[in-house]
Each structure stands twice: as structure tokens, then as C-alpha cells.
Amino acid sequence: MNIIIIISIGLLISIIFILNTVGVLTPQWIVFSKEMTFGVLNGSSSIGIVPYRTDFVSQFPWYGVASVLMFISIGFLIIIFPVYGIVSVKIYKSGFPISLQKWINIIAAISLLIFCFIFISVILIGSDLQMMNQLLTPTSFRLGYSAWLSVSSAVLLIPVMIPSFYFSYKKIRHFQKFNNDL
């Protein structure tokens, strides 16, 4: 049962990485109701986080902060893979030793950071959307599918965080107590 949960966490991390990376790299973070014909968005019907647009960020600064947070979230997701590999190998070789606790805590902590970065980014872009809708009427702006892919990856981080904390505190301590009783 425990190995199934560990494998499930690995699959979830892979799915989260794919969803968040696609969300960050696709150009549909902000979708316009009609094609723009002036300013920095001339000829566009949407805008993404990549490439980082300093001309756009100078008008809407929270968009720049959100972009940086999303880039950091991808970096943290890349870090989770080797940490998960260390955890998996140690569990396969020796069960749940106490030395594994710090690695599982790292997975949980990074997952929590990514979760926060994604939601903060969407909130910041939402605040810029309000300003855009006020300044650039009659065009309306809304979040596109790229933002919702990243939000769905953040929601999937919850089933990674909860079992990670559970294994870190309950299973490892139970394993240690069981081995000490022998």
C-alpha cells in the first residue's frame, strides 16, 4: 500500500510538471475580447508569460511579478524530480529510515511554495486584469486556458503535500519504533 502511494506521488509530480510547464509556456494567460490595434499589444488577441515583455510589464507591473513567480515555480518543479528519486530509491532499499524524513519534508515544502507561487501569480494577474479592463475599454480581458492549466497543477499539488507530511511524521516514526522494538 505504501509503495502505491509513493508511486502515485511520482505520477502526480510528473502530471503537475507537464500542466504547469504547458501553462507557463503557452500564450493564453490573458485573452482579449478583440484584437488589439494600438500600443504594446498591437495585433495580439492574447498574451502569455513567455517571453518576458518589459514593454507590457512597465504598464502592468503585477504581471511582471507574476511572471517571475511562475518561472520560479517551474524551477522548483525541476528540483522536485531528483529529490523524489532519492526518496524512492531509499524506500525501495531500506523502507522508511529516519534519514528519509528531511527529503520528504523537502518535497512537501517545495510543493507548498509552488502552490503559493501559482495562486499568488493568478491573483496578481487578476488585479492587472481589472486595471486593463478600466484603462483599455471597450476591449475586455480575461484569464485564458494557460492560467487555468497552472491553477489545475496547483490544485494537484495538494495530494502531493498531504501524503508527504503524513509519511514524514507518522510512517517514519512508526517504522523507527517498530525497528527499535526488535
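Readers should treat all values here as calculations from the given coordinates under stated rules, not as data from a laboratory. Please read these numbers as outputs of a predicted model, since none were measured by experiment. With ideal geometry, Cβ positions are generated from the backbone for all residues, glycine too; neighbour counts draw on all protein chains shown.
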query: Can you put 83, 155 in order, fewest other beta carbons within 10 Å first?
result: 155, 83
- request: Quick one: what are the phi-derived ³J(HN,Hα) couplings along segment 26-33, Karplus 6.51/-1.76/1.60 with θ = phi - 60°, whole Hz, x for glycine and proline?
  value: 8, x, 10, 6, 10, 10, 9, 6
statement: Ordered by fewest other Cβ atoms within 10 Å, a rough proxy for footprinting exposure, 161, 132 read 161, 132
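From the convex hull of the Cα coordinates of the chain, what is the mean projected area in square nanometres?
Details: hull surface 42.8 nm².
Reported value for the Cα convex hull: 10.7 nm².
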query: Put a dot 7 Å past each Cα toward the Cβ at residue 134 and residue 109; how far apart are the dots in nm?
result: 3.9 nm
- request: Measure nothing fancy, just the Cα-based angle from helix 100-135's long axis to the longest principal axis of the chain, in degrees from 0 to 90, nearest 10.
  value: 10 degrees
statement: Taking the chain and counting helices only, DSSP H stretches of n ≥ 4 at -39,500 (n - 2.57) each over all residues, the nearest-500 ellipticity at 222 nm comes to -25500 deg cm²/dmol
query: To the nearest 0.05, what FRET efficiency results for residue 166 and residue 45 with a Förster distance of 35 Å applied to their C-beta separation?
result: 0.20
Length gained when the stretch residue 86-residue 22 is fully extended (0.36 nm per residue, less Cα-Cα span): 20.4 nm
Dipole moment magnitude, nearest 20 debye, the chain about Cα centre, only Lys, Arg, Asp, Glu C-beta charged: 700 debye
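Exactly which trypsin sites (Lys or Arg not before Pro) in segment 23-112 are in a DSSP loop and have at most 15 other Cβ atoms within 10 Å?
34
Would you mind getting me the FRET efficiency between residue 58 and residue 11? Use the beta-carbon distance for r and R0 = 25 Å, nearest 0.05.
So the FRET efficiency works out to roughly 0.05.
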